[in-house]
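Visitor: Attaching a single structure in structure tokens format; questions to follow.
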Amino acid sequence: MIALLLPAGIFAADTCIKRYIDKDFSFDREKYLFGKRILIHKYYNKGAVLNFLADSPKVIRGIHAGIFVLVAGMYVFQLKNKGNTGLKISLGLLAGGGASNLFDRMKKGHVVDYFSFVTPFKKFNEIVFNLSDIAIFIGAFVIVFSAK
């Protein structure tokens, strides 16, 4: 049952957070959380990871949509099978995160990212994430490292 609710929950939660950030945060507003370990701020990502292909919006939308359709298809196929709970959850994380970011990309032309980890490594601090990115990362990590 959790595998069914997971993508919808990720999509809903991330969409609500993105709406809040878009409405209530200007680009120069910053807020720290957890003892200044996480920085909340608004950033529009027009490309893929680290703005890759930002100057080719049609290409990035096509790639994103294609990957989403593939992952969503695998997810639906796996839901029909018994067992493989870990795979179902991983695909659910990928599908939910992918759907939220794809929705942004199709509706707004960019993905709303809103938090960075504050670390001693300056380059890493420049990377801005959203909840969907974390769901996608965890889903991919579990699939890769649980493969037999």
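Visitor: Restricting to the range 65-115, name every residue that is at pLDDT 95 or above, surrounded by fewer than 13 Cβ atoms within 10 Å (Cβ to Cβ) and either assigned to a strand (DSSP E or B) or in contact with a helix residue (DSSP H, G or I) (Cβ under 8 Å, 6 or more places away or on another chain) (or both).
Guide: MET106
Visitor: Going through the range 23-50 one residue at a time, which ones are of a type in the set (Ser, Thr, Tyr) and in a loop (DSSP other than H, G, I, E, B)? Spell out the reasoning first.
Guide: Taking the range 23-50 as the starting set, the residues that turn out to be of a type in the set (Ser, Thr, Tyr) are 26, 32, 43-44.
Passing the criteria: only SER26.
Visitor: Take the range 19-36 and flag every residue that is more than 22 Å from PHE124 (Cβ to Cβ), surrounded by 11 or more Cβ atoms within 10 Å (Cβ to Cβ) and either touching a residue at least 60 places away in the same chain (Cβ under 8 Å) or more than 19 Å from the chain's Cα centre (by Cα) (or both).
Guide: ASP22
Visitor: Can you tell me which residue is farthest from the chain's Cα centre (by Cα) among those in the range 37-53 that are basic (Lys, Arg) and over 15 Å from SER26 (Cα atoms)?
Guide: Ranking the candidates gives ARG37 first.
Visitor: Let me ask something else about it. So is SER90 within 26 Å of VAL144 (Cβ to Cβ) and in contact with a Ser or Thr (Cβ under 7 Å, 6 or more places away or on another chain) or not?
Guide: Considered against the rule, which asks whether it is within 26 Å of VAL144 (Cβ to Cβ) and in contact with a Ser or Thr (Cβ under 7 Å, 6 or more places away or on another chain), SER90 comes out as no.
Visitor: Output the residue which, of all residues in the range 116-143 that are closer than 13 Å to LYS18 by Cβ and part of a loop (DSSP other than H, G, I, E, B), is nearest to the chain's Cα centre (by Cα).
Guide: Within the range 116-143, the first condition is being closer than 13 Å to LYS18 by Cβ, and the residues that meet it are 128-133.
Then keep just the ones that are part of a loop (DSSP other than H, G, I, E, B); that gives 128, 130.
Values: VAL128: 11, ASN130: 6 Å.
It comes out as ASN130.
Visitor: Let me ask something else. Against the definition (part of a loop (DSSP other than H, G, I, E, B), more than 22 Å from VAL118 (Cβ to Cβ), among the basic types (Lys, Arg) and modelled with pLDDT under 95), how does LYS58 come out, yes or no?
Guide: no
Visitor: Out of (1) in contact with a helix residue (DSSP H, G or I) (Cβ under 7 Å, 6 or more places away or on another chain); (2) closer than 25 Å to PHE27 by Cβ, what's the single condition that is false for ILE138?
Guide: (2)
The values are calculated or read from the model by the stated rules, or taken from the named source; none is laboratory data. Because the structure is predicted, anything quoted here is derived from the model rather than measured. Every residue, glycine as well, gets a Cβ built from its backbone with ideal geometry; the counts of neighbours run over all protein chains shown.
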